[in-house]
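Working notes, structure below.
Here, each number is a calculation from the coordinates, and none is a lab measurement. This structure is a prediction, so every number in the text was calculated from the model and none was measured. In this analysis, Cβ positions are derived from the backbone assuming ideal geometry, glycine residues included, and neighbour counts consider all displayed protein chains.
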Amino acid sequence: MEENITETIAQKQYYILFNLAGEFFTINVKYVLRVLEAKSFTKVPQGPSFLKGVINFNGSVLPVVDTYLKFGLPAKEDFRKSLILVLNLNVEGKNTNLGIVVDDSNDVFAAHSDDIKPYPSSGSKYNVNYIDGVIERKGKFILILNPEKLFESEALLSFGNSQTPGTADADT
């Protein structure tokens with residue numbers, strides 16, 4: 001009996017729900033360090049088009065990705081009511097912090113691995129390599145993004161914020 005309870009607990013994961021251009025997505029909370037208000041960004045001259053800019057995050061330079069452009073959506077001009085999800089990603093053996101702009105994020109929920117369905121490999125507008133699955137929540141299907149795969153090339157823009165695995169500051 002105890003073994004079944006332990007297995008059930010181990011299969012439960014927590015996800016943060018976010019909205020981007022009217023669509024809902026989710027990321028496992030293990031990647032999210034903090035949620036910040038998007039106020040202002042320092043532009044990076046001749047930086048990649050998807051790079052919204054950089055911000056100061058606990059004394060480090062944090063690159064912030066314009067998620068609209070990353071998802072192939074029309075550029076958003078007004079980010080004053082947006083949020084930044086500060087992610088800690090492991091890319092090429094290094095922990096790297098990266099910010100992504102989202103419209104709204106106000107829900108964390110638990111899901112069991114049995115609740116996650118495979119993402120269709122054809123006929124979709126999103127690359128299957130970036131999606132860990134689909135979950136139904138409140139009658140809507142929500143894509144579970146794998147941020148380490150989705151933002152791999154952007155995370156390589158470390159701007160000196162990389163850390164070796166296991167050294168991420170818990171207070172960040």
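Numbers for the structure displayed
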| quantity | calculated |
| --- | --- |
| Ranked by how many other beta carbons lie within 10 Å on average, peptides 24-33, 40-49 from highest | 24-33, 40-49 |
| Whole-number percent relative contact order across the stretch 2-163, with pairs defined as alpha carbons under 8 Å at least 6 apart | 27 percent |
| Surrounding net charge for Lys94, when Lys and Arg each add one and Asp and Glu each subtract one, Cβ distance under 12 Å | -3 |
| Contact order normalised by residue count of the stretch 33-75, Cα under 8 Å, 6+ apart, percent | 27 percent |
| Qualifying chymotrypsin sites (Phe, Trp or Tyr not before Pro) for the stretch 83-135 [loop in DSSP, other Cβ within 10 Å: at most 13] | none |
| Peptides 95-106, 53-64 ordered by average Cβ neighbours within 10 Å, highest first | 95-106, 53-64 |
| Most to least packed among 73-84, 137-148 [average Cβ atoms within 10 Å] | 137-148, 73-84 |
| Contour excess over end-to-end distance, with Cα ends at Asn58 and Tyr14 and 0.36 nm allotted per residue | 13.3 nm |
| Cα convex hull volume per residue for the stretch 2-163 (Å³) | 143 Å³ |
| Charge dipole (debye, nearest 20) of the stretch 2-163; +1 at Cβ of Lys and Arg, -1 at Cβ of Asp and Glu | 560 debye |
